[in-house]
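A.B. asks: Before I ask anything, here is the structure I am working with.
The values are calculated or read from the model by the stated rules, or taken from the named source; none is laboratory data. The structure displayed is predicted, hence computed values, not measured ones. All Cβ positions, glycine included, derive from the backbone under ideal geometry; neighbour counts span all protein chains shown.
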Amino acid sequence: MLDEIKKDAGVRMSKSVQALKQEFTKIRTGRAHTSLLDHITVEYYGSQVPLNQVSNVGVEDSRTLTVTPWEKDMVAPIEKAIMGSDLGLNPASAGTVIRVPLPPLTEERRKDMIRVVRQEAEGGRIAVRNIRRDAISDVKDLLKEKMIGEDEEHRAEDDIQAITDKYVGEIDQVLAEKESELMEI
């Protein structure tokens, strides 16, 4: 029973770290990366569809993304969706290919991005600590039901804390990598 609680906590904490990494891919550094446009949706025959389902997104060079719609009629709606996004990008179409140049980041913008990254990381740490709280609560419930003894409870709490420390360390490592990536020129 205790092993299941620990395993579940570890799996959930791992998912929290993965979710944080996924969020970090959306935060723009100076380099072009196709995942920058992942969250953009386009009006396609009356419904909102992710950009990568109506076009091919690629990297032309380190500062330019290319978007090639599968239908010629989709060029204008895709351009409009990219301009309307919160990324501050200005796409330029050349026939059926849309080029999205990424402007260089200013020092002030980099610092803003680092602030955002740190907030995201703190959100990840909070999620991991909430999972720890839930797991310890489950262990205490087992103790109340007399299914485990106090020694087992203390050992389980120490193990859960060790798992928590491991994943908080992972979050700190991911944060440090993202900060150094953002400060690169």
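A.B. asks: Taking the conditions exactly as written (of a type in the set (D, E, K, R) and within 26 Å of Glu184 (Cα to Cα)), does Lys26 satisfy them or not? Lay out the reasoning, then the answer.
C.D. replies: Values: of a type in the set (D, E, K, R): yes; within 26 Å of Glu184 (Cα to Cα): yes.
Yes; evaluated as a whole, the condition is true for this residue.
A.B. asks: With (1) within 25 Å of Leu36 (Cα to Cα); (2) out of contact with any Ser or Thr (no Cβ under 7 Å at 6 or more places or on another chain) as the list, and Asp134 as the residue in question, which single condition is left unmet?
C.D. replies: All conditions are met except number (1).
A.B. asks: Pairs only if they're at least six apart or on different chains, beta carbon under 7 angstrom, first in the range 109-127 and within 17 Å of Gln22 (Cβ to Cβ) and assigned by TED's automatic domain parsing to the domain that holds Ile171, second part of a helix (DSSP H, G or I) and among the β-branched types (Val, Ile, Thr); list them, first residue then second.
C.D. replies: Ala121/Ile171; Gly124/Val17; Gly124/Ile171; Arg125/Val168; Arg125/Ile171
A.B. asks: Suppose we filter Asn56, Asn90 for residues that are part of a loop (DSSP other than H, G, I, E, B), without any contact (Cβ under 8 Å) to a residue 40 or more places away in the chain, farther than 30 Å from Ile171 by Cα and not assigned by TED's automatic domain parsing to the domain that holds Gly124; which single one remains?
C.D. replies: Numbers: Asn56 fails: part of a loop (DSSP other than H, G, I, E, B).
Being part of a loop (DSSP other than H, G, I, E, B), without any contact (Cβ under 8 Å) to a residue 40 or more places away in the chain, farther than 30 Å from Ile171 by Cα and not assigned by TED's automatic domain parsing to the domain that holds Gly124 holds for just one of Asn56, Asn90, which is Asn90.
A.B. asks: Quick check on the range 109-144: of everything there that is modelled with pLDDT under 90 and of a type in the set (Asp, Glu), which residue is surrounded by the fewest Cβ atoms within 10 Å (Cβ to Cβ)?
C.D. replies: Asp112
A.B. asks: Since Lys166 meets every condition but one in (1) part of a helix (DSSP H, G or I); (2) among the basic types (Lys, Arg); (3) more than 21 Å from the chain's Cα centre (by Cα), which condition does it not meet?
C.D. replies: If we test Lys166 against (1) part of a helix (DSSP H, G or I); (2) among the basic types (Lys, Arg); (3) more than 21 Å from the chain's Cα centre (by Cα), just (3) comes out false.
A.B. asks: What residue, of Leu36, Leu2, Leu51, is more than 14 Å from Leu89 (Cβ to Cβ), touching a residue at least 24 places away in the same chain (Cβ under 8 Å) and of a type in the set (A, V, I, L, M)? Before you say what the answer is, go through the steps one by one.
C.D. replies: Working: Leu36 fails: more than 14 Å from Leu89 (Cβ to Cβ); Leu51 fails: more than 14 Å from Leu89 (Cβ to Cβ).
So the residue among Leu36, Leu2, Leu51 that is more than 14 Å from Leu89 (Cβ to Cβ), touching a residue at least 24 places away in the same chain (Cβ under 8 Å) and of a type in the set (A, V, I, L, M) is Leu2.
A.B. asks: Continuing with the same structure: Answer with yes or no whether Glu43 is of a type outside the set (Phe, Trp, Tyr), surrounded by fewer than 16 Cβ atoms within 10 Å (Cβ to Cβ) and in contact (Cβ under 8 Å) with a residue 24 or more places away in the chain. Even if it seems obvious, please write down each step before you answer.
C.D. replies: Numbers: of a type outside the set (Phe, Trp, Tyr): yes; surrounded by fewer than 16 Cβ atoms within 10 Å (Cβ to Cβ): yes; in contact (Cβ under 8 Å) with a residue 24 or more places away in the chain: yes.
Spelling it out, Glu43 is indeed of a type outside the set (Phe, Trp, Tyr), surrounded by fewer than 16 Cβ atoms within 10 Å (Cβ to Cβ) and in contact (Cβ under 8 Å) with a residue 24 or more places away in the chain.
A.B. asks: Can you tell me which of (1) free of Cβ contacts under 8 Å to residues at least 12 places away in the same chain; (2) among the β-branched types (Val, Ile, Thr); (3) in contact with a Gly (Cβ under 8 Å, 6 or more places away or on another chain) is the one Thr66 doesn't meet?
C.D. replies: (1)
Residue-wise test of (1) small (Gly, Ala, Ser); (2) under 15 Å from the mean Cα position of the chain (by Cα); (3) in a loop (DSSP other than H, G, I, E, B).
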| residue | (1), (2), (3) |
| --- | --- |
| Asp8 | no, no, no |
| Val11 | no, no, no |
| Lys15 | no, yes, no |
| Ala19 | yes, yes, no |
| Thr25 | no, yes, no |
| Ala32 | yes, no, yes |
| His39 | no, yes, yes |
| Val42 | no, no, no |
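A.B. asks: Of Glu71, Glu79, which residue is crowded, with 17+ Cβ neighbours inside 10 Å and at pLDDT 85 or above?
C.D. replies: Working: Glu71 fails: crowded, with 17+ Cβ neighbours inside 10 Å.
None of the others qualify; the one that does is Glu79.
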